[in-house]
Amino acid sequence: MIRAIAAGNHKLAAISSALEVKATSLTKYLKTLIDLDILEREVPVTEDNPEKSKRGLYKIKDNYIRFWFAFVYPNMSFIESGNSRIVLDKIRKGLVTSHTAFVYKHCSWPPDYRCPHFCGERR
């Protein structure tokens, strides 16, 4: 599930499609990952009932975990077989667009809007 989210599937339907599992069976596991402080669910502020909103996006909170599941885990076979050069090339190609830009976006927000999980700051 974390790998699917790290691959860019943030909506419940996209996560269930990537895992080939019914969306209704995922909510229990997503809630557990949220309770463990691994994931967070972002909902637009315009939603009247955020808990029931279907517009929620699931995001990995920790930058290291997000990096590992986006770049290391999917390429373990290359790493284990000694082809780390291939993995490094993949990281160089996707690091800015799929990782660094996401982290920078959250850290560049005004202090009142920053998420402490990304920038180490408290609100």
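Read-outs: derived from the displayed coordinates by stated rules, not from any lab. Computed from a prediction, not measured in an experiment: that's the story for all the values here. Cβ sites come from the backbone with ideal geometry, for glycine too, and all protein chains shown count toward neighbours.
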Simple label model, 7 Å out from Cα along Cβ direction - Leu36 to Ser53, nm: 2.5 nm
Karplus (6.51, -1.76, 1.60) ³J(HN,Hα), θ = phi - 60°, over region 6-18, in Hz, Gly and Pro reported as x: 5, 7, x, 8, 9, 8, 4, 5, 5, 5, 5, 5, 5
Percentage of interatomic Cα-Cα distances in region 1-60 larger than 20 Å: 18 percent
Residues of type aspartates and glutamates that Lys59 reaches as a straight line, Cα spacing below 14 Å, ignoring anything fewer than 8 places off in the same chain: Asp35, Asp37, Glu40, Glu42
Violating pairs (Cα-Cα greater than 18 angstrom) within the set Lys61/Lys93; Lys28/Lys54; Lys31/Lys61; Lys11/Lys31; Lys61/Lys90: Lys61/Lys93; Lys61/Lys90
Net charge over other residues, Cβ less than 9 angstrom from the Cβ of Pro74 (K, R count +1; D, E count -1): +2
Computed over region 1-60: relative contact order in percent, which uses C-alpha pairs under 8 Å that are six or more apart: 38 percent
